[in-house]
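In what follows, a single structure is set out as structure tokens and then discussed.
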Amino acid sequence: MVHIVDTRLLDRIRHYGAFNVDACFNCGNCTAVCPLSEDDANFPRRLIRFGQVGMEDRLLASRELWLCYYCGQCSQTCPRQADPGRYMAAARRYAIARYDPTGISRVMSGSWVGTLAVFVLLSAFFVIWLLWHQGDMNGQRMAFFDYIPGELIHDTGIGVFVVVGLLMLAGVASVVRHVLQAARATGRPVQLPLAALPAALGYAIRESLAQSRYRQCDDETDDPEPWFLRPWAVHLAILWGFLGLLAATTWDFLFKPIGSHVSLLYPGRLIGTLAGLMALYGLTVALWRRLTQPTKYYADTRFADWFFLLLMLATVLTGFAAELFVYLPRPSAVAYVTTLVHVVLAIDLIVLLPVTKFAHALYRPLALLLHRWVELGAQAGATAPAAPEKA
Ligand code: SF4
Ligand code: SF4
């Protein structure tokens with residue numbers, strides 16, 4: 001396979017974070033100290049080399065890009081202050097932007113102006129769209145779906161899911177293409193046997209939902225904290241909280257008659273409340289840490305990262321407020337406006353999913369799945385009996 005060398009690759013990655021890998025003299029210290037680097041996952045040094053020699057296809061195809069959780073240990077011990085951890089974070093943002101066919105990811109990563117411009121335009125569009133069809137506010141009881149027709153919100157949701165699904169499919173196709181190209185470049189035949197798929201899936205799900213490698217990363221720090229404050233637990237709370245909220249929204253979408261009032265024990269509401277509390281905990285700790293310990297954790301937090309966490313927090317808080325208003329008598333205009341804000345923020349969150357940092361929730365398990373599947377296919381090929389020779 002011919003590799004195209006891109007001499008501007010490092011400069012382009014710098015758009016997504018500041019680092020100094022020009023100073024790297026390849027000593028390997030970062031690889032030795034990284035708690036996740038193993039024989040089969042030699043990083044971050046290898047990925048730095050890909051950046052230095054302009055091998056974009058190898059960088060985008062690498063599993064290691066998605067294994068790193070940016071604990072920062074490699075940056076602390078680098079003798080040349082090359083900041084390899086920050087390079088890994090920037091390379092991940094770069095990969096997400098390369099998989100985004102709309103270019104929105106690049107705009108949002110570039111500056112706070114770009115991030116806010118995208119958010120304001122998107123929100124304004126959906127506010128106008130929903131208010132275009134507004135009805136009356138019922139002052140006796142909360143009836144949001146009379147104010148903004150439930151069918152309109154339902155149909156808008158379907159449209160949003162279709163657009164987001166197509167964007168995600170485009171990203172998935174790019175990841176698959178890069179990983180398979182890199183596997184073929186090794187010269188060995190690439191097989192993806194269906195029999196190996198469950199094992200590969202299990203590995204990707206375990207790594208992603210239980211964050212076993214992140215825990216390993218945290219366990220090796222010399223500054224142990226209570227488990228519920230460790231970065232892996234906070235990250236897990238945000239991830240599970242968001243997945244729970246997505247599940248509750250989907251449940252409501254499929255099973256709840258539009259505008260109906262339900263008990264707190266109704267499955268969709270129960271899941272939503274528990275997931276909301278979990279997300280609230282994770283987001284509060286993550287934001288608090290970014291504020292109070294910026295050099296210890298998240299040294300490379302960009303405006304887009306702050307923005308996404310704040311957008312999630314605002315969605316959760318307005319969701320709880322909207323839930324409360326349903327049970328209060330004589331709702332005021334504040335109740336209707338808060339619920340409208342919640343609906344628009346939730347739509348924004350879904351629309352921005354494939355183009356923001358949150359896209360790693362899709363690309364990480366996908367890359368892990370593909371790499372493990374290719375590995376298992378290669379092992380199966382090596383142990384398969386040779387085909388009988390033709391007479
Ligand atoms: S520790 Fe620093 S200088 Fe050594 S290989 Fe890693 S990035 Fe380069
Ligand atoms: S930031 Fe942590 S996990 Fe990532 S490469 Fe550096 S040491 Fe490894």
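The values are calculated or read from the model by the stated rules, or taken from the named source; none is laboratory data. As the structure is a computational prediction, the values presented were derived from the model and not from experiment. Glycine also receives a Cβ, built like all others from the backbone with ideal geometry; neighbour counts cover every protein chain displayed. Calculation scope for accessible area: heavy atoms of the full protein, side chains included, ligands and nucleic acids excluded. Shrake-Rupley method; radii C 1.70, N 1.55, O 1.52, S 1.80 Å.
For the chain, modelled as a GNM with alpha-carbon contacts under 10 angstrom, which of PRO79, PRO365, PRO44 fluctuates the most?
Its mean-square fluctuation being the largest, the pick is PRO79.
Using 7 Å Cα-to-Cβ label points, what is the VAL120/LEU317 separation (nm, one decimal)?
For VAL120 paired with LEU317, the spin-label model returns 2.1 nm.
Taking the Cβ of LEU192 as the centre, find all other residues whose Cβ is under 15 Å away and add up their charges (Lys, Arg: +1; Asp, Glu: -1).
+3
Among residues other than ASN29 whose Cβ falls under 12 Å from its Cβ, what is the net charge (Lys/Arg +1, Asp/Glu -1)?
Net local charge, ASN29 excluded: +2.
Of all the accessible heavy-atom surface of segment 10-132, with the other protein chains kept in place and a 1.4 Å probe, what percent is carbon and sulfur?
Carbon and sulfur atoms account for 59 percent of the accessible area of segment 10-132.
Set the Förster distance to 35 Å, then compute FRET efficiency between TRP306 and LEU265 from the Cβ-Cβ distance, nearest 0.05.
Approximately 0.45, to the nearest 0.05.
Report in % the part of the accessible area of segment 250-369 that belongs to carbon and sulfur, leaving out ligands and nucleic acids; probe 1.4 Å.
For segment 250-369, the apolar C and S fraction of the accessible surface comes to 78 percent.
Per residue, how many Å² of accessible area does the chain show with a 1.4 Å probe?
Value for the chain: 50 Å² per residue.
Using the crude model of +1 on Lys and Arg Cβ and -1 on Asp and Glu Cβ, and no other charge, please compute the dipole size for segment 9-98 relative to its Cα centre, in debye to 20.
The dipole of segment 9-98 has a size of about 240 debye.
For ARG206, what accessible area in Å² do you get when you roll a 1.4 Å probe over the heavy atoms of the protein chains, rounding to the nearest 10?
Approximately 140 Å² of ARG206 is accessible to the 1.4 Å probe.
Mean-square fluctuation check for the chain, GNM, Cα pairs under 10 Å: which of THR250, THR186, THR338 is largest?
THR186
Between TYR266, TYR99, TYR336, find the one with the highest GNM mean-square fluctuation for the chain; connect C-alpha pairs within less than 10 Å.
TYR266
Leaving out ligands, DNA and RNA but keeping every protein chain, what accessible area does TRP112 have, in Å² rounded to the nearest 10, with a 1.4 Å probe?
Answer for TRP112: close to 150 Å² accessible.
Restricting to Cα pairs below 8 Å that are 6+ residues apart, what does the relative contact order work out to for the chain? Please round to a whole percent.
It rounds to 23 percent for the chain.
What does the charge add up to near HIS133, with Lys and Arg as +1, Asp and Glu as -1, over the other residues with Cβ less than 14 Å from its Cβ?
Every neighbour counted, the sum reads -4.
What is the extension gain from LEU131 to VAL176, computed as 0.36 nm multiplied by their sequence separation minus the C-alpha to C-alpha distance, in nm to one decimal?
Additional length available on full extension: 12.1 nm.
Taking θ as phi - 60°, what are the ³J(HN,Hα) couplings along segment 356-365 by the Karplus curve (6.51, -1.76, 1.60), each to the nearest whole Hz, with x for Gly and Pro?
10, 3, 4, 4, 5, 5, 8, 6, 4, x
Where nothing but the Cβ of Lys and Arg (+1) and of Asp and Glu (-1) is charged, how large is the charge dipole of the chain around its Cα centre, in debye to the nearest 20?
Taking the Cα centre of the chain as origin, the dipole is about 520 debye.
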